[in-house]
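Data block below; observations after.
The values are calculated or read from the model by the stated rules, or taken from the named source; none is laboratory data. Keep in mind that what you see is a predicted model, and the values were worked out from it rather than measured. Positions of Cβ are backbone-derived with ideal geometry, glycine not excepted, and every protein chain shown enters the neighbour counts.
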Amino acid sequence: MNYRETENWILNRLPFYQSQGLKAYKPGIDNIRFFVDHLDLNLLDIKFIHVGGTNGKGSTCAYLSSIIQESGYKVGLFTSPHFFDFRERIKVNNKKIEKDFITKFIQENIELIEELNLSFFELSFGMSLYYYFEQKVDYAVIEVGLGGRLDATNIINPILSVITNISYDHTEILGNSLEKIAYEKAGIIKKNTKIIIGERDKKTQNIFIQKADENFSDIIFASDYKTDFENSEIEYQNKNIRTAVQVSKNLNDQNINETSIKKGIMNLDSNTDFYGRWTIINYNPKVIFDSAHNESGFSYLSQQLEKLNYDRLFIILSFVKGKDIKKLITYLPKKSLIYFTSSNSERSMNYEDIIQCVKENINFDKNPLKVYKEVLKQSSSKDLIIITGSNYIAKEIFHE
């Protein structure tokens, strides 16, 4: 298979949660552990940083990668989902994994992949580990896929673990209370390994403290500390910066210092090609894409909107099935001009799904690009356009 055929095989043949949801979710780490053993990888040879939580995982990972790069190290970065290109998930110092590597890896392991019936995520993560070992990275920053305790990434033995925050998301899998969700996230806490918690919450903090005690692990709440590095105009990103700073300081690496931390934060975009969190697409009118997709994300979005001045606010929304749309849109300004759309994903909510939740007349078109172009026609230079609710709507609107 050439690369295009290989990529299609990965994306289409193997189910993945981003596209198919619950039926693609395979809890447990036995499969991936067997696969990694077959690849003959010693997971103790790399300094792993494991990042879980509900919101802010990707941002925190990006800041950490940027800081470690500025410290003179070679760093692997594994994140999900991707927006435009599968290779975004696996990077070394901001360079995407090579197409030839992917093609060769699949050719050499296709029989075992099929025998184990690896999920899309298991395959992606196993490939990333193999790539990082071949690249001889100094550090690897690994974002948890879903949950923590039963996530495929939980086979690693990190030098430090991170949980950004806890909010309601994927409740059909992780549980319908913050305490249950926190218990699953706390599953990444390892013995004698320091754990950084991004935000304190009275409902969940004792779960983390107890889990840390059981594992003889020191626990630090980043929100207890002040830092001079919070330079983002986006308030929720400052929380992620604060977390990344505490992680960096607790790596006990003399090359990761105040200077490299500051440079890493300032050079986030150039060091990581960071995308999807309050990303400005256009300035006239201003168009912003934000990957908020749960209650906490929409709360942050609402707070950020309060700081902006504009004449009219257009909001283009796309959601996957299972989201409490009625509750999420209560976070949006009341005078918002809301347009709903769908996507090619079979998980995406269609018109019938949305009407059933909202129960009122809506502006809807199944073609996201058509909706976007229509909104652009209606808007003036003083208006604001927000596109949110789904990660992968970005590809359908902005890929060109």
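Against the list (1) at pLDDT below 95; (2) out of contact with any Lys or Arg (no Cβ under 7 Å at 6 or more places or on another chain); (3) β-branched (Val, Ile, Thr), the condition residue 243 fails is (1). Does the range 208-231 hold any residues that are surrounded by 18 or more Cβ atoms within 10 Å (Cβ to Cβ) and either assigned to a helix (DSSP H, G or I) or out of contact with any strand residue (DSSP E or B) (no Cβ under 8 Å at 6 or more places or on another chain) (or both), and which are they? Answer for the range 208-231, where residues must be surrounded by 18 or more Cβ atoms within 10 Å (Cβ to Cβ) and either assigned to a helix (DSSP H, G or I) or out of contact with any strand residue (DSSP E or B) (no Cβ under 8 Å at 6 or more places or on another chain) (or both): 208, 211, 212, 222, 229.
Restricted to the range 361-400, and to residues there that are among the charged types (D, E, K, R) and within 15 Å of residue 341 (Cα to Cα), the residue that is nearest to the chain's Cα centre (by Cα) is 395. Among the residues of the range 235-244, those identified as surrounded by 19 or more Cβ atoms within 10 Å (Cβ to Cβ) and touching a residue at least 60 places away in the same chain (Cβ under 8 Å) are 236, 237, 239, 240, 241, 243, 244.
Give me a count of the residues in the range 232-251 that are part of a loop (DSSP other than H, G, I, E, B) and β-branched (Val, Ile, Thr). Residues in the range 232-251 being part of a loop (DSSP other than H, G, I, E, B) and β-branched (Val, Ile, Thr): 1 in total. In the range 286-372, counting only helices (runs of 4 or more DSSP H) that sit wholly within it, the ones holding 3 or more residues that are among the polar types (S, T, N, Q) and touching a residue at least 60 places away in the same chain (Cβ under 8 Å) span 295-305. Scanning the range 264-285 for residues that are in contact (Cβ under 8 Å) with a residue 40 or more places away in the chain, crowded, with 16+ Cβ neighbours inside 10 Å and not in a loop (DSSP other than H, G, I, E, B) turns up 264, 265, 268, 271, 272. Looking at 134, 122, just one residue is among the acidic types (Asp, Glu), part of a helix (DSSP H, G or I) and in contact with a helix residue (DSSP H, G or I) (Cβ under 7 Å, 6 or more places away or on another chain), and that residue is 122.
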